[in-house]
Amino acid sequence: MGRDGGVKLIVGLGNPGIEYQFTPHNLGFLTIDRIAGSWGIEVRNRQHRALTARVAIGSEQVLLAKPETFMNLSGDSVRGLVQEYEVRPELDLIVIQDELDFPLGTLRIHTRRSSAGHNGIESIIGALGTQDFLRIRIGVAPDRKIGDGAAYLLAPMRKPELAIVDGMLDTAEEAVKVILKEGPAAAMNRFNRKPEDDKA
């Protein structure tokens, strides 16, 4: 997939600060932390207003990143990292985001999509001037009724929701590994199937 010496940039979206740690909007951050934990590393280097860490996954050199700009300015940080590491967004960038349009417990992999109203993705598209990068979209819409979606995204998740999210983080980590080792098409084929597809 990559070129010699190239780096895969994996960006998890979220907001910095302990008060946001376990909110739906921070599933990108939580996925990056889950990946880092599996490899026994900490995401604590500071580059381009992001916390970063280097790791080798399979044959790929990977830079994990959590922008500290707050969600709406994520693109400022991502653009700096893309430029420094000569990352080609269409081939080397993976962005992990929460998705209020999908039910909690679902995960989809997409590319060349609009932001669908996600402020972090909107910022990255604006900063890079392209929609052509891979996204892992983790569903966060709860079964219960919510009044204000924006308020829900920034409120701490309840215990039953956190239990579901824990499994989702494992799935998101696995999706990253499949993308890196087998390619985006294989990952989409595997992770974008609906549950009923498995019963066919």
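Taking the residues in the range 137-177 that are of a type in the set (Val, Ile, Thr) and open to solvent by less than 30 Å² (accessible area, probe 1.4 Å) as candidates, determine which candidate is nearest to Ile32 (Cα to Cα).
Applying the first criterion (of a type in the set (Val, Ile, Thr)) to the range 137-177 yields 138, 140, 146, 164-165, 171, 176.
Still in the list and also open to solvent by less than 30 Å² (accessible area, probe 1.4 Å): 138, 140, 165, 176.
Details: Ile138: 13, Val140: 17, Val165: 14, Val176: 10 Å.
Top of the filtered list is Val176.
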What number goes with the only condition from (1) assigned to a helix (DSSP H, G or I); (2) without any contact (Cβ under 8 Å) to a residue 12 or more places away in the chain; (3) not β-branched (Val, Ile, Thr) that Leu30 does not pass? (2)
Go through the range 41-75 residue by residue and tally those that are of a type in the set (S, T, N, Q), free of Cβ contacts under 8 Å to residues at least 40 places away in the same chain, open to solvent by 10 Å² or more (accessible area, probe 1.4 Å) and in contact with a strand residue (DSSP E or B) (Cβ under 7 Å, 6 or more places away or on another chain). 1
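Does Leu100 satisfy the condition of being open to solvent by 50 Å² or more (accessible area, probe 1.4 Å) and either among the basic types (Lys, Arg) or outside any strand (DSSP E or B) (or both)?
On the way: open to solvent by 50 Å² or more (accessible area, probe 1.4 Å): yes; either among the basic types (Lys, Arg) or outside any strand (DSSP E or B) (or both): no.
The answer is no for Leu100.
The values are calculated or read from the model by the stated rules, or taken from the named source; none is laboratory data. Bear in mind the structure is a predicted one, so any value in this text is a computation, not a measurement. When we count neighbours, we look across all protein chains shown, and the Cβ atoms used for this are built from the backbone with ideal geometry, even at glycine. Only protein heavy atoms, including side chains, enter the accessible area calculation; ligands, DNA and RNA are left aside. Shrake-Rupley method; radii C 1.70, N 1.55, O 1.52, S 1.80 Å.
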